[in-house]
Amino acid sequence: MTAPLTGSQPPRPDSAAPSERVLLARLALDAARDVPGVISADAGRFGTRVTADREERLPGVLATALADGGYAVELYLVCEAVPLHPLAERIRERVERAAASAGLAAALRYVDVAIEDVVTPDETGIR
Amino acid sequence: MTLLLRVLARIVVLVLLVALSLVGLAVAVFSIQGGDRPLSLPGLAEQVLLPEAEDDVGDYLGRVEAPGPLAKRSALAGAGAVLAGALLLLGVLAPRRERLVVFGKGTRGRLAARRRPLARAAEALAAQVRGVTEAKVRVRPPGRVRGGQLRVRVSHPRNQQGREVEQRVHGALAPLVESAAVKPRVEARPRKRGARVE
């Protein structure tokens, strides 16, 4: 299992404004990591699942432009051993809410969630 | 290993395609003229020493037909070539990545999980069930023809009823496999004598 990358680099103050795609990716990643049960995002074995924009790298999230002008977001996550279907629903709700707050609701088409790894209770030391 | 075979297969394919295109180009160029002229196919055969090659290969094939060390070496080389071809085929045909188990696909998006994390999640849930001392899970993702399966094997003390343990494990797994493309199959067995209880 690759070591999950937990942080996204904040943009430099003097950089140009990030694109809508990068904004959505960042919102989705931050929203997903705040959901209870989600431990971190995973950039994959070769670090290819990354949204990059100038100085910023967002591991574990891909935002893809669609033909109709909207964006599809894919999240690659490491989570606890919880029911996955409700977890994915909570993640989607948070991402949609975050996109709406940022005025990007119309740009977000759908959110795919891929569970890359599950950390069991004995590994987290919770129980 | 599969990754290495895949890389090798791609390199070989690239080299063969380049060689094939060069041969095609040469044939095209040497088809401009006919007869015995320089830019003709007989001219090309002369350029690549085909008549001499024909003599050499003819001699070689004659020696291969006769019993002897050359025949054995040729047979081994042939077997090696077949094996190399089979390995390259494996590199081309082997699945690219671990198959995902798709839980659901709707207008809001898709949920999928890799086999190993799904198995670990199922093991963790099954191990928490009362009466379960050990849990092992294997995931068979859905294929083109048959559906996926979550094979769960749990151990329980002898004073527990296997069927009741199985039902409890089914209940524990229900939230995990709900709307997933895998069906759980639970098998409960009494713990073997002498096995340690953790």
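One table, with the values for the structure above:
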quantity	calculated
Restricting region A:14-120 to chymotrypsin sites (Phe, Trp or Tyr not before Pro) in coil, as DSSP defines it, with at most 12 other Cβ within 10 Å	A:F46
In Å, descending, principal axis extents of the Cα set of the protein assembly as shown	86, 68, 34
Cα gyration tensor shape for region B:2-93, rounded if a/c is under 1.5, else prolate or oblate	oblate
FRET efficiency, 1/(1 + (r/R0)^6) with R0 25 Å, evaluated for B:K192 and B:H170 via beta carbons	0.60
Estimated 222 nm signal from helices in the protein assembly as shown, with DSSP H stretches of n ≥ 4 weighted -39500 (n - 2.57), rounded to 500	-14500 deg cm²/dmol
For residues of B:103-110, the mean tally of beta carbons on other chains within 10 Å	6
Förster radius 41 Å - calculated FRET efficiency between B:A45 and B:R73 (Cβ-Cβ, nearest 0.05)	0.90
Förster radius 45 Å - calculated FRET efficiency between B:E178 and B:L17, Cβ distance, rounded to 0.05	0.40
Virtual spin-label span in nm between B:Q161 and A:A65, 7 Å along Cα→Cβ	6.4 nm
Partner lysines for B:K192 [C-alpha distance under 17 Å; skip if fewer than 8 residues away on the same chain]	B:K136
Summed side-chain charge close to A:G47 - residues other than A:G47 whose Cβ falls under 14 Å, Lys, Arg +1, Asp, Glu -1	+1
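Every number here is computed from the coordinates shown, using simple stated rules; none is lab data. Please read these numbers as outputs of a predicted model, since none were measured by experiment. As a convention, Cβ positions derive from the backbone with ideal geometry for all residues, glycine included, and neighbour counts pool all protein chains shown.
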